[in-house]
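Here's the structure we're looking at; comments come further down.
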Amino acid sequence: MLKLGVNIDHVATVREARYRGQPAGEPDPVAAALQCEAAGAHGITAHLREDRRHIQDRDVLRLREKIRTRLNLEMANAPEIVAFALRLKPDIVCLVPERRQEVTTEGGLDVVAQLAPLRETRQRLSDAGIPVSLFIAPDPAQVAAAAQVGSEFIELHTGAFAEHFADPAARERETQRLIAAARQAHALGLQVNAGHGLNYENLATLRRVPHLVELNIGHSLISRAITVGLTQAVTEMLALLAGYRG
Ligand code: PXP
């Protein structure tokens, strides 16, 4: 079964727009996470950024304490954040780029250029019992490098797929790139997640990509929740994922 991880950063973004620097405020990303879980989401994803733009340390600590599914902590490979993750012990860490020099042309982590530091962090997290995923573009060199890092998972960056979705030829090209990357990763023993820009419209096409374990979805789901509520937004997304045949 294809799993749904709900990215709740966007809830914190709304809160921070009004309450930046204050110790509390609505909406509460933890309350939202619990509602998503109750509606059947398989996991909660939060990105603790170095600049604390949306999710705050207290959010992640409360998520760790309260949620009953799985906490996927997205983070940069930065010493302060790695130390935080080692204390927090999320169920999985997904390393993502935050700085320009860490980013490939397509927006994923440039694993090829950062093999040694990524391998070192992956090892430290593995030693603490935390599985690691790498957020990468569907690029054969990046997939191969991810295997060399020794991560258990990759998360394929679906941003280009989402961005070109309206153009049938470009959509097909991006879908084929995701299919090829998923096959390559699977053959290398990597588990495959995907995320960024996925929505209620493009998921039917994404279902053509094989070997997917989990999708991390934020913006479209939280946006839909504004009109139909979180429970309904999660239920509708789960129904789309149920059509996945691997
Ligand atoms: N996966 C990763 C690694 C992300 O950083 C994000 C947020 O940009 C998402 C998934 C979710 O993307 P979106 O909010 O576009 O659904």
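Read the figures in this text as sums done on the coordinates, not as results from a lab. Since we're looking at a predicted model, the values are computed, not measured. For neighbour counting, all protein chains shown are included, and Cβ atoms are generated from backbone atoms with ideal geometry for every residue, glycine included.
Working note: 222 nm ellipticity from helices only, DSSP H runs with n ≥ 4, each -39,500 (n - 2.57), summed and divided by the residues of the chain, gives -14000 deg cm²/dmol to the nearest 500. As a rough footprinting exposure proxy, the listed residues Thr205, Thr227 were ranked by other beta carbons within 10 Å of their own, and the order from fewest upward is Thr227, Thr205. Between the amide H of His54 and those of Arg49, distances stay under 5 Å, these residues lying 5 or more places away or on another chain, with hydrogens modeled in the peptide plane. A simple packing score, the average count of other Cβ atoms within 10 Å per residue, orders the peptides 172-180, 45-53 as 45-53, 172-180, with the highest score first. If amide hydrogens are placed 1.01 Å from N in the peptide plane, which non-local residues have theirs closer than 5 Å to the one on Cys94? Sorted by chain and number, the residues that satisfy this are Leu73, Glu74, Met75, Ser133. In the frame of its principal axes, segment 1-134 has Cα extents of 40, 34, 29 Å, reported largest first.
Largest GNM mean-square fluctuation among Ala12, Ala85, Ala187, using the chain with Cα springs under 10 Å: Ala187.
A cut-off under 15 angstrom between Cβ atoms defines the neighbours of Leu240, and their net charge, with Lys, Arg +1 and Asp, Glu -1, is +2. Under 1.5 on a/c is rounded, so check that first for the chain, then, if it is not, pick prolate when a/b is larger than b/c and oblate when it is not; a ≥ b ≥ c are the square roots of the alpha carbon gyration tensor eigenvalues. It is oblate, given that a/c is not under 1.5 and a/b is not larger than b/c. Note on the chain: with a GNM built from Cα contacts shorter than 10 Å, the maximum mean-square fluctuation among Pro168, Pro210, Pro97 falls on Pro168.
Evaluating 6.51 cos²θ - 1.76 cosθ + 1.60 at θ = phi - 60° for every residue in segment 95-102, the Karplus couplings come out as 7, 10, x, 10, 10, 4, 6, 8 Hz, glycine and proline recorded as x. Note that segment 208-219 has calculated 3J(HN,Hα) couplings of 6, 6, x, 6, 6, 9, 8, 10, 9, 10, x, 3 Hz, one per residue in order, obtained from phi through the Karplus relation 6.51 cos²θ - 1.76 cosθ + 1.60 (θ = phi - 60°); glycine and proline are x. Sorted on the mean count of surrounding Cβ atoms within 10 Å across their residues, most packed first, peptides 135-141, 229-235 read 135-141, 229-235. Beta bridges from DSSP with both residues in segment 1-129: antiparallel share about 10 percent, rounded to the nearest 5. Across Ile217, Ile226, Ile81, mean-square fluctuation computed from a Gaussian network of the chain (C-alpha pairs under 10 Å connected) peaks at Ile226. The HN-Hα couplings worked out from phi for segment 150-161 by the Karplus form 6.51 cos²θ - 1.76 cosθ + 1.60 (θ = phi - 60°) are x, 6, 7, 10, 10, 10, 6, 6, 9, x, 5, 4 Hz, whole numbers, x standing for Gly and Pro. Other residues lying with their Cβ under 12 Å from the Cβ of Glu155 contribute a combined charge of -3, Lys and Arg counting +1, Asp and Glu -1.
Spatial offset of segment 97-176 relative to segment 65-92 amounts to 18 Å, using the alpha carbon center of each. Sorting Arg245, Arg122 by the number of Cβ atoms found within 10 Å of their own Cβ, with the fewest placed first, yields Arg245, Arg122. Once the chain from Val228 to Arg119 is taken as fully extended at 0.36 nm per residue, the excess over their C-alpha distance is 35.0 nm. Electrostatic bookkeeping for Asn216 treats Lys and Arg as +1 and Asp and Glu as -1; over the other residues with beta carbon under 14 Å from its beta carbon, the sum is -3. Here each label is just a point 7 Å from Cα along the line to Cβ, and for Lys89 and Gln148 those points are 3.3 nm apart.
Using C-alpha pairs below 8 Å separated by at least 6 residues, the relative contact order for the chain is 20 percent. Measuring nothing but how far apart in sequence close Cα pairs (under 8 Å, 6+ apart) lie, relative to its length, segment 129-188 scores a relative contact order of 39 percent. Counted over the chain, the DSSP beta bridges are approximately 5% antiparallel.
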